[in-house]
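Heads up: the structure comes next, in structure tokens.
The values are calculated or read from the model by the stated rules, or taken from the named source; none is laboratory data. What you see is a predicted model; the values in this text were computed from it and never measured. Neighbour counts are summed over all protein chains in view; Cβ atoms, including those assigned to glycine, are modelled from backbone coordinates with ideal geometry. Areas reflect the complete protein model, heavy atoms only, side chains present, ligands, DNA and RNA absent. Shrake-Rupley method; radii C 1.70, N 1.55, O 1.52, S 1.80 Å.
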Amino acid sequence: MSETGSTAHDAGEGQGLRRSLGFRDLVVYGLLFIAPMAPVGVFGTLDARSHGAVALVYVVATVAMAFTAFSYAQMVRVVPQAGSVFAYARAGLGHGAGFVAGWMALLDYVLIPAVAYLFSGIAMEALVPEVSRWVWTALAVVVTTLLNLWGVRTAARVGFLVLAMEIVVLVVFVVAAIVVLARDGAHRDWLSPLTGDGTQGAFALSAVVGAVSVAVLSYLGFDAIATFAEEVTGGSAKVARALLFCLALAGVLFVAQTYLVALLEPVTSAELAARPERQGAAFYDAVDSSVGTWLHDLVAVSKAIGAAFAALAGQAAAGRLLFAMGRDRRLPGGLSRTGSGVPRVALLVSAVITMAAAVWAAQRPDGLDHLVSVVDVGALTAFTLLHASVVGWFAVRRAGGGRVSWWRHVLIPVVGAAITLAVIVEASGTAQVVGAVWLVVGLVVLGVQARRGRPVGV
């Protein structure tokens, strides 16, 4: 057995994860983390940036992220371990690259749940203004952490109910939107969500590409499915199928809802671009003015509950990543301790860090902006190393056995890496600086480990 393959099986007493998840559970976790109505918060920004071609933005973003999903599917079949991109990069590129990939992914897995918890707190404060948002935020962290500590199966069952609620709300929105459009007609041209509304000039591909760099944020989290590779029944091929299915379904949901709300939007993309303060509430405003306040409130409640459970899935994924890095002694070994098949120490550490970030942001007027500006760089850097690991494992090391498929093992990951690097370049300056600082800290930690005799090469 190879070194990478043995790690999961050589763990000592109390370091094993319980296999109890099926295909549906994996899809539930993936969709919970993504959130079926993820475009709600960024619709106005994307509409303004893309000159009205917001549905096209999600079509392009889905195709772009499909390259990453395909690379995940390739690696999860040969390295079916809880560490996800940490384990894949270690197998394909070496121990040092594996640590860097895991370290950068941690930035994403810790901050995305914090953003989701904060979204939940903001929504609840709007419904119950007498209670501060930081109280709601902290309460959401406590409730979802207890569910995660109870066990992955229990959390998946509760998560399924929440996901079903979100899907029902989405269906209600779609039906209501279609009824209004059939009765009253559209505010914009029927093809404008795919071609632009023309209020900022002719269609511009550069505007769509620029908006894709923001839309990618809606998809971050589907990869969390891979962190449950050691807890799924029926083999790692089921994880690969769930990854691809989850991304495809999310893409369909995102395109459909943004297409409809763009037709309902009474404000042009040029007006949204000129008044950035209106962008955050653009989705809600369009629903309120076209359908009614009842749907506005229903979407808001669904967003509040759904955001908390998106954070639940993210916290669970962060716990698995910390568990895997602790088991490999890349982080303190205590993180690999489990109880009843649950990585409780790693989950608690993840919860404490996430709560600190979320509550801090909840008490600052600009807290959400600070968190959102940096969540994508860690994940996209890890995605780039994931693509490189596919090439390293199959084409360079030829560890997969058999013939190398140049389109599956070279072309697709190379194109995927080019896409993730392009999105990093389009990210905000703050996000790039934070990502660079986090990377430097990780390299320092890696250097210390090398001095202590931990392997860093291939």
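Things worth noting here:
- Take Ile167: with every protein chain present and a 1.4 Å probe, its accessible area is about 60 Å².
- Prolate/oblate/rounded label for region 261-306 (Cα gyration tensor, a/c 1.5): oblate
- Share of carbon and sulfur in the accessible heavy-atom surface of the chain [1.4 Å probe, %]: 67
- Prolate/oblate/rounded label for region 267-424 (Cα gyration tensor, a/c 1.5): oblate
- Only alpha carbons enter this Debye calculation for the chain, each as an equal point scatterer, and the log10 of I(q)/I(0) it gives at q = 0.06, 0.09, 0.12, 0.14 Å⁻¹ is -0.24, -0.55, -0.99, -1.33.
- Label-reachable residues, region 193-228, where backbone N falls under 13 Å from a point 7 Å from Ala422's Cα toward its Cβ: 205-214
- Dividing the mean sequence gap of close Cα pairs (under 8 Å, 6+ apart) by how many residues region 195-298 holds gives a relative contact order of 22 percent.
- Extension gain (nm, one decimal) between Arg403 and Val352, 0.36 nm per residue minus Cα-Cα: 13.7 nm
- MRE, 222 nm, helices only [DSSP H, n ≥ 4, -39500 (n - 2.57), over the chain, to nearest 500]: -23000 deg cm²/dmol
- Net length available on complete extension from Thr199 to Thr233 is 7.0 nm, with 0.36 nm assigned per residue and the Cα-Cα distance removed.
- Anisotropy class of region 308-350 from Cα gyration tensor, a/c 1.5 cut: prolate
- Val396-Leu443 FRET efficiency (beta carbon distance; Förster radius 22 Å; 0.05 resolution): 0.45
- A straight line joining the Cα centroids of region 239-264 and region 89-119 runs 24 Å.
- The H on the amide N of Val342, modeled in the peptide plane, is under 5 Å from the matching H of no residue at least 5 residues off or on a different chain.
- Here the contact order of the chain, divided by its residue count and restricted to Cα pairs under 8 Å and six or more residues apart, works out to 34 percent.
- Heavy-atom accessible area per residue - region 289-389, 1.4 Å, Å²: 32
- Within the chain, helices built from complete DSSP H runs that reach 27 Å or longer along their own axis (Cα positions) and carry a mean Kyte-Doolittle hydropathy of 0.5 or higher are 54-78, 95-127, 152-184, 237-264, 293-327, 429-451.
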